[in-house]
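Report on the following structure.
The values are calculated or read from the model by the stated rules, or taken from the named source; none is laboratory data. The model shown is predicted, which means the values in this text are computed figures rather than measured ones. Cβ coordinates were reconstructed from backbone atoms using ideal geometry, including for glycine residues, and neighbour counts include every protein chain displayed. SASA here: full protein model, heavy atoms, side chains in, ligands and nucleic acids out. Shrake-Rupley method; radii C 1.70, N 1.55, O 1.52, S 1.80 Å.
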Amino acid sequence: MPDGVYDHFAAGVGARGANARLEWTKLFDSYKATYPELAAQIEQMQRRELPAGWDRNLPVFPADSKGMAGREASARC
């Protein structure tokens, strides 16, 4: 990399991104104070986590030597 590239990036895109992140954090903190349960769901999605018990009501299909068509399995779900 030529001299000055990193400094140029940090002064432009890097600084704008840091400011945007700070503004977003303040806005989300305000949202979290007003809607704590919804904010927790957003944070969970950002961490790519599923809610506890998400699979509680999924049907279980016993093994079948003949098999089951995907459309049939989908219809039962």
Which angle from 0 to 90°, rounded to the nearest 10, does the C-alpha axis of helix 36-46 make with the longest principal axis of the chain? 90
With point charges of +1 on the Cβ of Lys and Arg and -1 on the Cβ of Asp and Glu, referenced to the Cα centre of the chain, which listed residue (8, 41, 18) lies farthest in the positive direction of the dipole? 41
Given labels modelled 7 Å from the Cα in the Cβ direction, how far is it in nm from residue 52 to residue 34? 2.9
How large is the helix-only mean residue ellipticity at 222 nm for the chain, computed as the sum of -39500 (n - 2.57) over DSSP H runs with n ≥ 4, divided by its residue count, in deg cm²/dmol to the nearest 500? -17000 deg cm²/dmol
For the chain, accessible area per residue (1.4 Å probe, heavy atoms of protein chains only), Å²: 93
Point-charge dipole on Cβ atoms (K/R +1, D/E -1) for the chain, about Cα centre, debye to 20: 300
Neighbour-limited loop hits for trypsin sites (Lys or Arg not before Pro), segment 6-62 (at most 12 other Cβ within 10 Å; DSSP other than H, G, I, E, B): 47, 48, 56
Give me the percent of the accessible area of segment 17-64 that comes from carbon and sulfur atoms, probe 1.4 Å, all protein chains in place. 57
Just for the Cα atoms in segment 12-77, what are the lengths along the principal axes, largest first, rounded to whole Å? 62, 31, 16
